[in-house]
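First comes the structure, then the notes that go with it.
The values are calculated or read from the model by the stated rules, or taken from the named source; none is laboratory data. Predicted model only: the values in this text are computed from it and were never measured. Cβ atoms come from the backbone with ideal geometry, glycine included; neighbour counts cover every protein chain shown. The accessibility values were calculated without ligands, DNA or RNA, using every heavy atom of the protein model including side chains. Shrake-Rupley method; radii C 1.70, N 1.55, O 1.52, S 1.80 Å.
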Amino acid sequence: MIVFEGQISGKCKEGVLRRGAKNSFIGGLITSILFAIPTVVLALKIDWIVLLFFLVLIPFPFLAAIPPKEKYYPTIFPSKVTIDTQTGEMTTQSSQFYAESSIAEVVKVLDKGEWYLIYVKSRDGRFICQKDLLINGNLDEFEKIFKDKIIKGLKR
């Protein structure tokens, strides 16, 4: 059994928050574009004043990318990730969430240097394992389990 437990910090926390901000920015941008199309159509059909709605659409992606307040961290960062090699199950949890998946559902494991990000088929991105929070097992055992799925040094 491999267990990572504790509060995520340092480069791991920065990386996860940066990843979330990037995804939020892209989602906000797509939303803005989707609302911009009918805004232009309405402006052409009704009145140019409708284009003032762009004042709301332009900052939307930037506002969506603002990092969350610290009180919301328990909804983002796991405090415990368990990989049970006997049953083939993985769990990730904090005081605000709990998710489980099987090791067989792992699509890829990004090795970010100080931490791992495990992607599973269900797209749950909360399997975040900070290497210095390992309390049970060892990193060699972890890498042996995911040997065919580990991608090292990827910036994403």
Amide H neighbours of Thr85 under 5 Å, at least 5 residues apart or on other chains, H built in the peptide plane: list them.
Ile2
Quick one: of Lys71/Lys152; Lys11/Lys147; Lys22/Lys144; Lys13/Lys108; Lys13/Lys147, which pairs are farther than 27 Å apart, Cα to Cα?
Lys71/Lys152; Lys22/Lys144
For the chain, what is the mean residue ellipticity at 222 nm derived from helices alone (per DSSP H run of n ≥ 4: -39500 (n - 2.57); sum divided by total residues; nearest 500 deg cm²/dmol)?
-10500 deg cm²/dmol
Which order do the peptides 9-18, 41-50, 132-141 take when ranked by the mean count of other beta-carbon atoms within 10 Å per residue, highest first?
9-18, 132-141, 41-50
Taking the dipole about the Cα centre of segment 37-156, with the C-beta of Lys and Arg at +1 and of Asp and Glu at -1, give me whichever of Ser122, Ile66, Trp48 is farthest to the positive side.
Trp48
Inter-centroid distance (Cα atoms) of segment 67-87 relative to segment 90-140, Å
9
When a/c reaches 1.5 or more, the comparison of a/b and b/c decides; with that in mind, is segment 83-156 rounded, prolate or oblate per its Cα gyration tensor?
rounded
Might you tell me the accessible area per residue for segment 1-145, computed with a 1.4 Å probe and given in Å²?
60
Quick one: pull the percentage of alpha-carbon pairs in the chain with a separation above 23 Å.
47
Neighbourhood charge, 11 Å Cβ-Cβ cut-off, centred on Asn136 and excluding it, Lys, Arg +1 and Asp, Glu -1
-2
Using a 1.4 Å probe on the protein heavy atoms, what percent of the accessible area of the chain belongs to carbon and sulfur?
60
Helix 10-45 versus the longest principal axis of the chain: what is the Cα-based angle in degrees, 0 to 90, to the nearest 10?
20
